[in-house]
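Q: Once you've had a glance at the structure underneath, I'll fire off some questions.
What follows draws every value from the coordinates through simple rules; no lab data is involved. Note that the coordinates shown come from a computational prediction; the quantities given were computed from them, not determined experimentally. No Cβ is skipped: glycine too gets one built from the backbone with ideal geometry, and neighbour counts run over all protein chains shown.
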Amino acid sequence: MSNPIHPTSQTPQQLTLTKLKQLMPEAFSEGQLDIHKLTALLSEQDIAPAQEAYGLSWAGKHQVYRELKTPTSQTLVPQPDESVDFDTSQNLFIEGDNLAVLKILQKSYHSRIKMIYIDPPYNTGNDRFVYADDFSESIADYKARAGQTDEDGNLTHSDGMQSNRKENGQYHSNWLNMMYPRLALAKSLLRDDGVIFVSIDDNEVANLRLLMDEVFGEENFVDIITRATGTPTGGGNNAFVNELDYIVVYARNSIKLNIEGFDLTKSEAKIYDQEDKYGTYLTRPLRRTGGEDKREDRPSMYFPITAPDGTEIYPIGPTGYESRWICGEKKYHEMSKENLIEWKMVKDKWQVYQKFYLEGRKKLPGNLWNDVEGNKKATRDVRKIFDTLKVFDHPKPVGLIEKIISCVDTKSDIILDFFAGSSTTAHAVMALNAEEAENNEAGKRKFIMVQIPEVIDAKDNQSAYEFCINNNMPPNIAEISKERIRRAAAHITSELPETVDSTALDFGFKAYKLADSNFIPWQQPTSYDADSLMAQLEKHLDPIVDTATTDGIITELMLKEGYTLTATVREADGYYLLTQNDAPNDGLNDANRLNSAGTSMTLAIVLDDMTTSKATQIIASAPNKTLIMDRAFRDDANKANIVLQFEDAGLVVGCV
């Protein structure tokens, strides 16, 4: 293999470093010489770093911790016009930087998500993912700093994402800095019996495993699934063709994780070749066979069993040694009562067997998946629903995501994908629910998709760009993602048999976009003179920004109070009443939450014109909490009297 041609002449230092890297690659990290490693490797003295510990370290890790703890003032704004069945759907599509979105969802969705699947950037050298995260600034300031707008506010590129090429310094560190806070925030959204699946390839699978050990705990590692992609490429290696990628699986709490098995295929079910009034079954000897089948291994499993003719049968090995049964005596009698024991006469001797019925039988998933549809079919499927246009590169197969979801009992739970891409996960959720409806089962899974509005370059993907323009959509991946859901829903509905009521299935979604807060943030005066302080106070007489909408304010307040985006919102007589029908019992409940799961909690919000009669009306409905905008009070006396009304009724009230 020839060396790459350098565009400029190499310095003596570069030549020395090249030779040194060939001799001692272990002294380099991300292409840069680590002088401490080099000293430790070459010194005759026993030199150790100041602190040695097993783990993963990278440039910028300490900044990630700080970033993780930094709250965001941003919010989500509902987009009914971009939604499908906004008022009734339990599915969500959120457009925005997933780190900010995950922070916003922390209170409302803590411990609510059963399963997460993500397909993050693989860090191949062509990915654009390095976000400029700073949550103390506005979205406008962020866009300017990230290079999205010029000094006049004009867009340069509209997603703020940058490429992370292999020749860049800190190539792996950039990826780890991007992934760590997102995984840490995702972990807190998972239920205690929840699980996360992460697709990855050879470029970062080793680092991802160590990273997730740190975030989720080594003890919660479940497995790494190896998948045949069906698309051999030479990517990443000149010696071997790459035909695989991986799915790294971690549990929130491995003790509580329950992996579901799959239904047996017809060929696998053929071995169930016996039948009685209880169903089809197969038998296996009750006597333990194999390397540890001797009586002394488990003495409690050596006992006599009475045969049909009244004789006592002991577990005896082929050469006459004392063996053992597969269970203890108590368990044997339980199986006998449950019709799971069968006797057979073999060569004039009674033999005892255990019965295994086919009904309800599942097989646990293996970690080599070469029986799912490949990436080429995934591309064809997306083109099919987009009128043969190639609008998305490298989508994951719907069948793959269906198989992943089927590993976990998620029939009525939330599935989150915060690298939504073309929303294959949403497609798979809807398809699985529809399949179960055909079998008279109640598939009511719900999805949350999060996707940054990554710009579609006309040069990179002309079909996708023109599709967006021709359909009056901004040319970005989030728009393609939403359209995929709409078209997939229509396709699934068209193929449902007449016996299935499609209206009972949720093929819609509520769309939201990341935005700056509806409330003017308090800014410390540059000087502490009376005029500066008064100017700040005047801004907060009515601290609502000019662009705020009623729906936006309601959404921001409900999220801050821990209500989910699917809580029902009803406009009453001069106020809004929010109802959450599945209040969690997660130990984090505050005064406005109930302490038992499955019950309702309610929040009343008053934006304008607060009166004593309105207070009486709200108190009669006994909400868990009432929020009243300061601007809604006529004066301080009116405010004091109304707050006292709520307190006398034993109800929680807050002023904004």
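Q: Cut-off under 24 Å on the C-alpha distance; same-chain residues fewer than 8 positions from Lys37 excluded. Which lysines are left, in chain and number order?
A: Result set, ordered by chain and number: Lys19, Lys21, Lys61, Lys166.
Q: Out of the GluC sites (Glu not before Pro) in the range 228-299, which ones are loop residues according to DSSP with at most 14 other C-beta atoms within 10 Å? Don't jump to the answer; show the numbers that get you there.
A: On the way: sites: Glu243, Glu260, Glu268, Glu275, Glu292, Glu296; in loops: Glu260, Glu292.
Here the sparse-neighbourhood loop sites are Glu260, Glu292.
Q: OK, next. Among the lysines, which fall within straight-line cross-link reach of Lys510, defined as a Cα-Cα distance under 21 Å, with same-chain neighbours fewer than 8 residues apart omitted?
A: Lys103, Lys107, Lys114, Lys411, Lys444, Lys446, Lys482, Lys560
Q: How far apart, in nanometres, would the label points at Lys560 and Lys270 be if each is projected 7 angstrom from Cα along the Cα-to-Cβ direction?
A: Here the modelled spin labels are 6.6 nm apart.
Q: Continuing with this model, one more query. If I take R0 = 35 Å and measure r between the Cβ atoms of Asn370 and Glu292 in this structure, what FRET efficiency does the formula 1/(1 + (r/R0)^6) give, to the nearest 0.05?
A: With R0 = 35 Å, the Cβ-Cβ based efficiency is 0.60.
Q: Okay, moving on. Please give the FRET efficiency for Arg66 paired with Lys21, using the beta carbon to beta carbon distance and R0 = 41 Å, rounded to the nearest 0.05.
A: Taking R0 as 41 Å, the efficiency between Arg66 and Lys21 is 0.80.
Q: What FRET efficiency would be calculated for the residue pair Asp393, Asp223, taking the C-beta separation as r and a Förster radius of 25 Å, to the nearest 0.05?
A: 0.35
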